[in-house]
Amino acid sequence: MIVLDTDHISVLQHGASATADQLRQRLAGSLEPIVTTAVTVEEQTRSWLALINRYSDVRRQVTYYDRFVSSLRFFAKWHLLAFDDRAADEFNRLRDERVRISTTDLKIAAVTLVHGATLLSRNQRDFERVPGLRTENWLAS
């Protein structure tokens with residue numbers, strides 16, 4: 001199983017680019033299921049809601065609501081791995097081991113680990129701190 005981190009998902013969402021096309025081709029050629037996590041959805045949702053709430057003028061919010069709805073439609077087509085009890089236990093184990101990365105990244109790592117999956121992320125520097133986590137960056141040139 002291959003889990004896409006938020007940075008890989010964002011490339012796919014923003015459509016037409018050589019990087020997005022190359023990523024789509026690699027994903028299409030994969031024999032493993034391609035998924036993402038509920039944590040990634042949360043991360044993007046928080047960003048869109050922050051942008052919406054930045055403006056008191058509702059006219060300025062319209063664009064961000066539109067992008068938020070597009071994001072929800074995008075994720076509706078994906079299989080999402082939940083942050084469940086097993087992932088919470090793994091998260092706590094990693095915290096007890098003093099793995100120091102952001103909470104969101106540690107949750108994504110925990111979900112990926114409990115599913116025995118490989119995480120696709122540009123953020124190799126942080127994720128390499130997680131013992132046993134397999135990571136690859138399919139956006140690297």
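For the list (1) loosely packed, with under 13 Cβ neighbours inside 10 Å; (2) closer than 19 Å to Glu136 by Cβ; (3) small (Gly, Ala, Ser), I need the number of the one condition that Ala50 fails.
Result: Ala50 passes all but (2).
Give just the number: which of (1) in a helix (DSSP H, G or I); (2) touching a residue at least 40 places away in the same chain (Cβ under 8 Å) does Val35 not satisfy?
The number of the failed condition is (1).
Which of the residues spanning region 114-137 are buried (at least 19 other Cβ atoms within 10 Å of the Cβ) and not in a helix (DSSP H, G or I)?
Ala117, Leu119, Leu120, Ser121, Val130, Leu133, Thr135
How about region 73-113: which of its residues are of a type in the set (A, V, I, L, M), surrounded by 13 or more Cβ atoms within 10 Å (Cβ to Cβ) and either part of a loop (DSSP other than H, G, I, E, B) or under 16 Å from the mean Cα position of the chain (by Cα) (or both)?
Leu80, Leu81, Ala87, Val99, Ile101, Leu106, Ile108, Ala109, Ala110, Val111, Leu113
Inspect region 129-138 for any residue being within 14 Å of the chain's Cα centre (by Cα) and of a type outside the set (S, T, N, Q) and give the result as yes or no.
Yes: region 129-138 contains one or more residues that are within 14 Å of the chain's Cα centre (by Cα) and of a type outside the set (S, T, N, Q).
Pairs under 9 Å by beta carbon, first residue in a helix (DSSP H, G or I) in region 44-63, partner loosely packed, with under 11 Cβ neighbours inside 10 Å and hydrophobic (A, V, I, L, M, F, W, C), six or more apart or different chains?
Here the result reads none, with nothing in region 44-63 linked to a residue that is loosely packed, with under 11 Cβ neighbours inside 10 Å and hydrophobic (A, V, I, L, M, F, W, C).
FYI, it's all coordinate maths here, none of it is from the lab. Nothing here was measured: the structure is a model prediction, and the numbers come from that model. Heads up, the Cβs are rebuilt from the backbone with ideal geometry, glycines too, and the neighbour counts pull from every protein chain shown.
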